[in-house]
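Following: one structure in structure tokens, then a few remarks.
The values are calculated or read from the model by the stated rules, or taken from the named source; none is laboratory data. It should be emphasised that the depicted structure is a prediction, and the values quoted were computed from it without experimental measurement. Every residue, glycine as well, gets a Cβ built from its backbone with ideal geometry; the counts of neighbours run over all protein chains shown. Ligands, DNA and RNA are stripped out before the accessible areas are found, and what is left, the full protein with its side chains, is counted by its heavy atoms. Shrake-Rupley method; radii C 1.70, N 1.55, O 1.52, S 1.80 Å.
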Amino acid sequence: MRGSVKTIGLGFMILWGIFFFCGRLDAAVPGLTPAEQQWLAVHDGSVRLAHTPDWPPMDFLGENGEPMGMAADYIRLIEKKLDFKFKVVRVCSWDEMLDRARSGGIDVISAGQATTARREFMNWSTPYMNLKTTIIVTKKQRGSLTLDQMRGMKIGVVREYAVGEFIREMYPHLTLVDVASSREGMRRVSFGELDAMITEVPNALYIIETEKITNLRLAGDTGFELNHGMGVRRDWPVFSSIIEKTLASITPREHKAIYSKWVKLATPAFYQTRGFWYSVLGIAFVVLLVVGSVLFWNMELQRQVLQRTEALRFNEIGLEALLAINEKTHETIRDLIEYSFRKMLDLTQSSFGYLAMEDQDGITYVVDFSNPASSQKCYIQNQNTGFRGDTKGFWGEAVRSGKPIISNDYPNSNPRLRGVPEVYKHMVRYMNVPIFDHGKIVVVVGMGNKETDYDSSDLRQVNLLAHGMWRLIQRKKAEQAMRKSEKRFQDLVEHSPNGIAIVQNKAVVHKNSIQVELMGNLNFMNPDSDPSFHRDDLQKVKAFYGQIIRDDLKQSEVAFRFYPSDARDSQETMKWVNCIATPMDYQDRKAFLLIFIDMTEAKKLERLLTIQDKMASLGHVSAGIAHEIRNPLSGINIYLRTIEKNYRNPAKSGKIDSSILAVRSASQKIESVIKRVMNFAKPTEPKFDLIRINDPLREAVKLTGFTLKKMGIAIDRELDDRLPDCYAEPHLIEEVILNLINNAADALSQTQTQVQTRDKGMIRVSSRMEKDKILLCVEDNGPGIPGDLEQKIFDPFFTTKEHSTGIGLSLCHRIITDHKGKLDVVRSGLGGAAFLIELPVSHGSGNPQGMQA
């Protein structure tokens, strides 16, 4: 009897121990890393958590202000499992809680639906409350409802709730009214202020029961399920991971207990369920089974714990090494590679290592800790190429296959040890890992002679460190290149002879010293606010910099004048500036580069040269007029003296008559010169008609044909009969062509006289269409016009001929200019000079050039 009692007592003790042990397992959170445990220890009692104040039975505040509801129970369960306390922050509404979470005033939200907007400031856990939403209406409304049938109804939704966002997106035609809480919305439905309210099923049932609102009912399902998780501030990934693990550790029994506590559903008595009897039988079986297996399970658990602890230790070492690599930003690339390589050897517990990099001038690192002569030091060997042929046994298979290779029986996988230097043919185990960058192998890492077999954990450690090392190397190179580029740009800007400014976001963000010296504090971005701009240039300056402010650069250059602030409206101190704008990227953002070129001295010199040219032209014109008038005046004086001597002697009246005729002739010559000068200086306004331009060309060729034939000069016509009509005065065009033909004939005649040649003189008159212009050309095969005279031949009274006034070409130039055209001289394909006349085309019957018709 006593033995039986002892046996029964021992059985109860074992059973109590089993349930206590299982309960402790339920309370613990498996899988927390040391870093996560440390995080919890540091932040215990300081993590700010907020509950929804009015969302029963999910989350609300009781009469004494204590958090209640399903979410509050989950939070207490989490605190118990983590042995951790939150610091509860009270809020007055869901809106306030979201606002404080955005601003950083709250660290954790007890429960909420993850939306796109909310993910911008919170990380959301896996949902732990999945709740259907329902439509609440008064009992007067018969039948069931769906959202498609609610057009025209005023529907209440809680402000900032996810269900409202869902309905607005999927049913934009529905009329939604934001309310502060579900309780307020359901009261408004009860009083007829709203037609319906949408909220969670438990929330609706709880409010109907507690508020005693008897005239409301559940009319239908919205089809939208709320999946509520915990929100954690985005910069706490460690705590997000802790919450995920804790929620995952909550058992179905614990979920059901919380749900059943707050959502009252009609359920049968526990002893009436089939599960109860299954449980009774199961417990009896489990009691017998657990007693026999607990010891074995405990031993196996201890073994696995040791293995996982060792794996975690190496994972921590790997993560620490990766973190250390990323912190070595000031190390040289060579030091970085050596540090990473040593860490790979340590983490894989290897006594041999091989590392080759294509990007590092073929440096190969070989380490052999199994050789006593090495004294645990890294032996480094510089080669011409990274992947040497005599080490192909270390990297060949991985490069060919493009994937990592593990050989825990290396002599069997490479029996002849091909591609392995003689000194390393004691290889037993070997692991080879290629690292890719944009599809190209850039690093090959080999680890060998580990005491135990290599596995995926070793592969993961090496792959992680090698990739981290390679990324940091590339980042360091990019940073070095960027620093060099920025230095070159800064040197270019600061040492530029021109003023340089950079405009970004409608503001000047940089000026060089030349720009400050040139323009001082001139506000060129807002010309209206600065009176220093020349008033004639103000509008174009506003237009130019306005397009930069609008980010719509069409005109890239502008020239303007301004006065320094200490000498305004002074012509002597006025400055000319030419500004060139170019789009650019400045500090990874769009900007404009403005180059200011000081044109003040150039403009002064240009003005001085213009005045000198005008004075020289005036002197030349004056000399030409004087030359033309001097000879007739001399003749008049001579004949006047003759008349003076003989006018009293009747016998010499014949000499007087001849002298008077000579005086009249000389005065007519003077009048002719004055008339030509007046015609040039102030010509009569031409009368334009819509004509076929080839007609005056044919007339000019016809008039000169006989004379040219006598001179032995051929004339050729190449006239395009498809030319459109244009506005012109035919007699003036004919006069221009005649003058050009005669000048060409004079040049050819002079050449034939000076140089005995058998080549026949040739003049060609042509017309053609080019784009929207008519081109007329008179060219010859004469000597042409020297380059130094091309800019002078159109000057009045300039001539190289003995008996010429020098007005012909200048009059031709004036006539073509009056026709809104251009006259220019170029080298002819025939070998001589070619005079090109460019006339505008008239479209339709109008006169678009504004000519006097």
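Worth pointing out:
- Restricting attention to the range 771-789, the residues that are buried (at least 19 other Cβ atoms within 10 Å of the Cβ) and either modelled with pLDDT under 90 or in a loop (DSSP other than H, G, I, E, B) (or both) add up to 4.
- Members of the range 437-451 that are on the phi < 0 side of the Ramachandran plot and open to solvent by 80 Å² or more (accessible area, probe 1.4 Å): 440, 451
- Residue match in the range 607-628 (condition: open to solvent by 90 Å² or more (accessible area, probe 1.4 Å), of a type in the set (D, E, K, R), modelled with pLDDT of 65 or more and closer than 23 Å to residue 533 by Cα): yes
- Scope the range 112-125; condition among the β-branched types (Val, Ile, Thr) and in contact with a helix residue (DSSP H, G or I) (Cβ under 6 Å, 6 or more places away or on another chain); matching residues: 115
- Hits in the range 682-709 - residues which are open to solvent by less than 70 Å² (accessible area, probe 1.4 Å) and modelled with pLDDT under 70: 683
- Those residues of the range 526-544 which are buried (at least 18 other Cβ atoms within 10 Å of the Cβ) and not in a helix (DSSP H, G or I), in sequence order: 532, 533
- Qualifying residue in the range 39-51 (condition: within 21 Å of residue 180 (Cβ to Cβ) and either surrounded by 15 or more Cβ atoms within 10 Å (Cβ to Cβ) or touching an Asp or Glu at 6+ places or on another chain (Cβ under 7 Å) (or both)): yes
- Some residue of the range 494-513 being part of a helix (DSSP H, G or I), within 30 Å of residue 598 (Cα to Cα) and free of Cβ contacts under 8 Å to residues at least 40 places away in the same chain: yes
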